Amino acid sequence: MALTLDLSTPESRAALSPAAVPEKKPLIGLTREELAEALLTVGVPERQARMRVRQLWHWLYVRGVSDFTQMFNISKDLRAALDETFTIARPEIVEEQISEDGTRKWLMRFPPRGAGRPVEVETVYIPEEGRGTLCISSQVGCTLTCSFCHTGTQKMVRNLTSGEILDQLLVARDRLGDFPDADTPDGAIVPAEGRKVTNIVMMGMGEPLYNFENVKKALLVASDGDGLSLSKRRITLSTSGVVPEIYRTGEEIGVMLAISLHAVRDDLRNELVPINKKYPLKELLDACRAYPGLSNARRITFEYVMLKGVNDSLEDARELVRLLKGIPAKINLIPFNPWPGSAYECSDWEQIEEFADVVNRAGYASPIRTPRGRDILAACGQLKSASERMKKTERLALEAMMIAGHGE
């Protein structure tokens, strides 16, 4: 028999709310204080909460478990209570691609939140001699529409939670055998000694500083000395220039800063990085000069994508040096990574080297970033997923299906 539901008014939708089907709450990404509060809700006595938090923290972030049954020093009853209310499960890996240079790209699918649909993000692992860098996404899609960036062609869907940001790191460590007693996949290109993931960069999909609170929580957990224990000197947050949040990043998170610069004149940067219309170069560079902890030992990295005939002249190089005067800085020159439909070409290699020579002679380190993972669209500026924001009609239809018992 067909089922007809009247969802034409807010009242009727509220009366038939899918909230009656409880969702398990994720524990990944919670602060210690939030974790303690969560434990109280499942009957853990307040006097035991701190000890239980230490146990959970160790299992989640030192041992890397994703199933409560593996937490052997926690009673069976408490594990069952935790499993009934909370989840520590990893997101689904939809696809794993491995480049000929050893770069790995994962397409991860996160479950729906509320009446939304599942969303997907891309995360990239870049192995190098002596280190392994994980490029993490902070949003599904992006609002910034930078003209040279593939992610910018995907409309903003939503922010990732602190847990979803951390999940990318946990999945990578799972897949690379980077937790205790885990095996590295045969043939994987990884650092010869020590950790497989030594560095993380917030340079994936999205603008991290438009998701400040969730990024902050995730990075503070990632750098916690009793858990994942990544040095803040090995965590870099890259922003296109959200000026009001730059100082907060240094003050409240304390990680290394990278700026997606890409142009030395406001008119061109307005085109390449449209946020420049709101926060022009002078405001951006003033914020960089005021970055907490800035020194020769804690330099700001300026990222500069090399676009043929657009921003790669030697005059541009000299103006770049002038703009950055007085800022302890490193300048990463990034050969443009093409993507389907892009309107730009990569600068000629000879031109990139001449540009770098001008910058080097002025006293700035100016490495030319070796393109990695181009064959699997995993290089800088190439990340994108197929996730789209759910339309109102689709959302109402999903609610109806959930109420009818045909969905989750």
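The values are calculated or read from the model by the stated rules, or taken from the named source; none is laboratory data. Given the structure is predicted, the values throughout are model-derived calculations rather than measurements. Neighbour counts are summed over all protein chains in view; Cβ atoms, including those assigned to glycine, are modelled from backbone coordinates with ideal geometry.
Just one of the listed residues (K282, K325, K232, K277) is in contact with a Ser or Thr (Cβ under 9 Å, 6 or more places away or on another chain), surrounded by fewer than 20 Cβ atoms within 10 Å (Cβ to Cβ) and not acidic (D, E), namely K232. Within 23 Å of V62 (Cβ to Cβ) and in a loop (DSSP other than H, G, I, E, B), is that true of R90? Against the criterion (within 23 Å of V62 (Cβ to Cβ) and in a loop (DSSP other than H, G, I, E, B)), R90 qualifies. The listed residues are E354, E345, and the only one of them that is modelled with pLDDT under 95 and either touching a strand residue (DSSP E or B) at 6+ places or on another chain (Cβ under 6 Å) or of a type outside the set (V, I, T) (or both) turns out to be E345.
For segment 187-209, how many residues are within 13 Å of the chain's Cα centre (by Cα) and charged (D, E, K, R)? Walk me through it before giving the result.
Start the filter on segment 187-209 by keeping residues that are within 13 Å of the chain's Cα centre (by Cα), which leaves 199-209.
Those left that are additionally charged (D, E, K, R): 207.
Count: 1.
Across segment 203-225, the number of residues qualifying as among the acidic types (D, E) and under 20 Å from P26 (Cβ atoms) comes to 2.
So that you can scan it fast, the table gives a plain yes or no per residue for (1) assigned by TED's automatic domain parsing to the domain that holds G163; (2) part of a helix (DSSP H, G or I); (3) within 16 Å of P180 (Cα to Cα):
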{"position": "V44", "(1), (2), (3)": "no, no, no"}
{"position": "A49", "(1), (2), (3)": "no, yes, no"}
{"position": "S66", "(1), (2), (3)": "no, no, yes"}
{"position": "D83", "(1), (2), (3)": "no, yes, no"}
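Among the residues of segment 285-312, write down those that are over 22 Å from T236 (Cα atoms) and either crowded, with 17+ Cβ neighbours inside 10 Å or out of contact with any helix residue (DSSP H, G or I) (no Cβ under 8 Å at 6 or more places or on another chain) (or both). Listed by number, the residues that qualify are L307, G309, V310, N311, D312. The number of residues in segment 222-240 that are part of a loop (DSSP other than H, G, I, E, B) and either of a type in the set (D, E, K, R) or within 13 Å of L285 (Cα to Cα) (or both) comes to 3.
If the condition is being more than 13 Å from R109 (Cα to Cα) and aliphatic (A, V, I, L, M), then segment 158-175 contributes L166, L169, L170, A172.
Here is a check on your reading of the model: is L16 at pLDDT below 55 and either in contact with a Leu (Cβ under 6 Å, 6 or more places away or on another chain) or β-branched (V, I, T) (or both)? Here the answer is no, as L16 does not meet what is asked.
Got at least one residue in segment 330-342 being surrounded by fewer than 18 Cβ atoms within 10 Å (Cβ to Cβ), in the same structural domain as I189 (by TED's automatic domain parsing) and more than 25 Å from the chain's Cα centre (by Cα)? No, that holds for no residue. For segment 101-141, residues that are in contact with an Asp or Glu (Cβ under 6 Å, 6 or more places away or on another chain) and more than 20 Å from D174 (Cβ to Cβ) total 1.
Considered as a group, the residues in segment 170-213 that are closer than 27 Å to L261 by Cβ and out of contact with any strand residue (DSSP E or B) (no Cβ under 6 Å at 6 or more places or on another chain) include one that is surrounded by the fewest Cβ atoms within 10 Å (Cβ to Cβ), and that residue is E213.
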